[in-house]
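Working notes, structure below.
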Amino acid sequence: MKSEVVHARVQSDVKTESEKILKVVGISLSQAIDLFLRQVVLKKGLPFKLDSEKKDENDIAKLAYLINTVDGREPSPKAKKIINLYANGDIDLEVAKFALLRSYQQ
């Protein structure tokens with residue numbers, strides 16, 4: 001049985017847009033908040049990964065080191081594509097490293 005009340009301040013446009021989307025899904029804002037909090041408890045943390053738009057400088061340095069270690073020349077078009085995928089956040093560092101190593105082995 002629900003007995004606690006949660007008060008939160010959010011921007012009006014965020015609330016309005018969220019309610020529109022949730023209506024399509026078939027749940028209320030209150031149910032969505034309850035669902036989110038239940039996931040926090042289940043996962044013992046946030047139920048999703050928070051991404052920063054700026055890549056960690058250590059990751060970029062590791063990628064540059066890898067490219068220079070493997071070849072030392074201008075990256076091939078395939079390697080540039082992999083680097084761009086990583087820079088855009090489409091793949092993570094481990095996938096980028098694997099793909100780069102594989103591209104240079106071929």
*asked:* Can you tell me which residue is farthest from the chain's Cα centre (by Cα) among those in the range 43-100 that are of a type in the set (A, V, I, L, M) and modelled with pLDDT under 75?
replied: V70
_Suppose we filter the range 13-30 for residues that are without any contact (Cβ under 8 Å) to a residue 12 or more places away in the chain and open to solvent by less than 90 Å² (accessible area, probe 1.4 Å); how many remain?_
8
*Considering every residue within the range 34-45, establish whether at least one is surrounded by 12 or more Cβ atoms within 10 Å (Cβ to Cβ), of a type in the set (A, V, I, L, M) and in contact with a Ser or Thr (Cβ under 7 Å, 6 or more places away or on another chain).*
no
*Can you run down the residue pairs with Cβ atoms below 9 Å, 6 or more apart or on separate chains, where the first is in the range 68-88 and in a loop (DSSP other than H, G, I, E, B) and loosely packed, with under 14 Cβ neighbours inside 10 Å and the partner is modelled with pLDDT under 75 and of a type in the set (D, E, K, R)?*
none
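The values are calculated or read from the model by the stated rules, or taken from the named source; none is laboratory data. Treat the numbers as computed from the prediction; the structure is a model and nothing was measured. Cβ sites come from the backbone with ideal geometry, for glycine too, and all protein chains shown count toward neighbours. Calculation scope for accessible area: heavy atoms of the full protein, side chains included, ligands and nucleic acids excluded. Shrake-Rupley method; radii C 1.70, N 1.55, O 1.52, S 1.80 Å.
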